[in-house]
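The structure appears right after this line, and notes come after that.
Throughout, read-outs are computed from the coordinates displayed, never taken from laboratory work. No experiment lies behind these values; they were computed from the predicted model shown. Neighbour counts run over all protein chains shown; Cβ positions are idealised from the backbone, glycine included.
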Amino acid sequence: MEPDSGMPAKPRTGPGTFQGRGRSRGCAGNGNCPTRPGLTQPGRGSRTFPELFLPILQLQTGAEPPPVPAMPTETERCIESLLAVFQRYAGREGDSCTLSKREFRAFMDTELAAFTKNQKDPGVVDRMMKKLDMNSDGQLDFQEFLNLIGGIAVACHDSLILKSPKP
């Protein structure tokens, strides 16, 4: 038997892989989320960004993976952080791959507390969830969650551009 290199023996397709429509569909409400294990369980086989995602990239492109750097890049650490935060809140009420309305509220009240505390309208978080829930299933999957994060990042970027001195 060959030593385990961390790479799958052959490319797989179907649920739980990133082939097909561009993102995993392995989270069908059954808790089988392909990104859940490892990142938030220190000491229980935790894996870093390169260890977790280089095999996926190799499956998509068929190319040989580059050597794994000793330290993750700043961007890789940011992605790890987003995954860990999502996973910290997802699954408290069932499906470990989605945020329920209550889990989303807990995320907003804790991670974006300055935003929620400064809202005069108590229904703003519920309306945000409804708008982010693209498939109207009452839950936010990771892609829908990233739409929120991306929107906040764009708003911050736009604010910085407006405040920066023009050359």
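Counting charges near Y89 (Lys, Arg +1; Asp, Glu -1) among other residues having Cβ under 9 Å from its Cβ returns a value of 0. Amide H contacts for T98 (H built 1.01 Å from N in the peptide plane; partners 5 or more residues away or on another chain; cut-off under 5 Å): G91. For segment 97-136 versus segment 148-167, the spacing of their alpha-carbon centroids is 22 Å. Bridgeable aspartates and glutamates around K101 (alpha carbons under 19 Å apart, same-chain partners fewer than 8 residues away excluded): E93, D109, E111, D121, D126, D133, D137, D141, E144.
With a cut-off of at most 11 other beta carbons within 10 Å, and DSSP calling the residue loop, which trypsin sites (Lys or Arg not before Pro) in segment 130-164 qualify? Please list them. Please report the intermediate quantities before stating the final value.
Working: sites: K130, K131, K163; in loops: none.
The qualifying sites: there are none.
What does the highest-first list of 95-103, 118-126 look like by mean Cβ count within 10 Å?
Highest mean packing first, the order is 95-103, 118-126.
What is segment 120-167 by shape, rounded, prolate or oblate, if you read a ≥ b ≥ c off the alpha carbon gyration tensor as root eigenvalues and call it rounded for a/c under 1.5, prolate for a/b larger than b/c, and oblate otherwise? Oblate, because a/c is 1.5 or more while a/b does not exceed b/c. Length gained on full extension, A70 to A114: 12.3 nm, using 0.36 nm per residue less the C-alpha separation.
Answer rounded, prolate or oblate for segment 74-119, using the Cα gyration tensor with square roots of eigenvalues a ≥ b ≥ c: rounded when a/c is under 1.5, else prolate when a/b is larger than b/c, else oblate. Because a/c hits 1.5 or more and a/b fails to exceed b/c, segment 74-119 counts as oblate.
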